[in-house]
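Below is one structure, written out as structure tokens; comments come after it.
Each value in this text was obtained by applying a stated rule to the coordinates, not by laboratory testing. Quick caveat: nothing in here was measured; it's all calculated off a predicted structure. Cβ sites come from the backbone with ideal geometry, for glycine too, and all protein chains shown count toward neighbours.
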Amino acid sequence: MTDVAFPLARGHGSIGSMEPLSPEEIARYQRHILLPEIGGAGQQKLKASRVLVIGAGGLGAPILQYLAAAGVGTLGIADDDLVSLSNLQRQVIHDSGTIGELKTESAAFAIARLNPHVKVIRFEERFTEESARRHLSGFDLLVDGSDNFDTRYTAADAAETARIPLVTGAVGRFDGSVTVLKPYETGTDGIENPTYRDLFPEKPPAGLIPVCAETGVVGALTGVIGTLMAMEAIKLVTGTGEPLVGRLLLYDALSARFDTIRYKRRRPRQSQAS
């Protein structure tokens with residue numbers, strides 16, 4: 001874990017301990033503050049929030065950029081990879097000058113240039129059950145921008161155990177999806193919210209679903225899905241709108257079409273396998 005050493009915000013407590021906005025912050029976030037649904041109180045919630053983002057790649061890049069621009073007070077980045085030339089077609093938080101650097105380092109400096117009020121905590125490691133136990137308790141929200149099912153299941157289990165919301169998304173070639181998980185709560189109908197396994201009961205066999213290094217992916221698609229994930233995170237932090245809980249948002253870039261699939265809890269919580 002590394003705290004980035006450049007000008008950072010002093011206030012990064014829990015959402016319950018909000019600090020006032022400085023005149024510079026009020027000017028920076030004016031377009032948020034003008035929105036009745038967010039306002040000054042919502043912007044203070046963003047400033048006080050601590051969000052952990054898994055991955056600083058195709059999805060992680062727009063997630064981190066828009067959460068930093070929105071004024072999230074503390075961003076954690078979990079990634080053990082290095083920036084490569086082939087990343088730059090879609091991982092727009094990095095650039096040609098950062099090839100060979102740790103993605104966490106490259107992303108942290110990009111965030112500092114974008115918004116010096118944001119504190120960045122770098123976890124230069126893969127997100128695992130063990131790392132989740134060590135780090136996740138310090139965050140209010142988990143956003144999973146990983147590219148594999150092992151990490152997605154681990155993130156879902158860890159967020160449920162920690163009782164924090166999870167925003168998770170995926171992309172493939174020309175299509176993507178986003179959903180929000182809060183299985184530790186019940187919906188307005190009194191039924192427990194669904195888990196990740198209610199949506200995807202079992203991991204697909206290894207090798208069944210090829211990765212983008214084998215099949216390709218259009219770069220702008222990761223921007224669409226990652227930005228939608230950032231929007232869901234902002235809604236969760238500020239209490240604005242209706243998050244995608246129990247709904248899977250699907251995007252088909254080739255037909256320029258969005259669809260939504262509703263899903264529910266299939267089994268009682270105590271019977272679900274870990």
When the convex hull of the C-alpha atoms of region 48-201 is computed, what volume per residue in Å³ does it have?
116 Å³
Gaussian network model of the chain, Cα springs within a sub-10 Å range: biggest mean-square fluctuation belongs to which of E105, E185, E242?
E242
Rounded to whole angstroms and listed largest first, the alpha-carbon spread of the chain along its three principal axes comes to 49, 47, 40
Measure up K45/K119; K119/K182; K47/K182; K47/K119; K45/K235; K182/K235 against 19 Å on the Cα-Cα distance and list the ones that go over.
K119/K182; K47/K182
Inter-probe distance in nm under a simple model that places probes 7 Å from Cα toward Cβ, at I191 and R134:
4.0 nm
Which value, in debye to the nearest 20, gives the size of the charge dipole of the chain about its Cα centre, when Lys and Arg are +1 and Asp and Glu are -1 at the Cβ?
580 debye
Tell me which residues come under 5 Å, amide H to amide H, from L82 once H is placed; ignore anything under 5 positions away on its chain.
K103
For the pair F258/L85, report the inter-label distance in nm, with labels modelled 7 Å from Cα in the Cβ direction.
3.8 nm
Convex hull volume of region 81-161 per residue (C-alpha atoms, cubic angstrom):
103 Å³
Fewest to most Cβ atoms within 10 Å: V171, V92, V143 sort as V92, V171, V143
At 0.36 nm per residue, and after removing the present C-alpha to C-alpha distance, how many nm does the segment from E24 to A220 gain when stretched out fully?
67.4 nm
Taking a cut-off of 22 Å, what percent of all Cα-Cα pairs in region 153-265 are separated by more than that?
36 percent
Stretch E242-R266 to full length: gain in nm at 0.36 nm per residue minus the Cα-Cα span?
6.4 nm
Candidates T238, T260, T227, ranked by Gaussian network fluctuation over the chain, Cα under 10 Å, top entry:
T260
Euclidean distance of C-alpha centroids, region 34-72 and region 85-163, integer Å
14 Å
With 0.36 nm assigned to each residue of separation and the Cα-Cα distance removed, A69 to R173 gains 34.7 nm
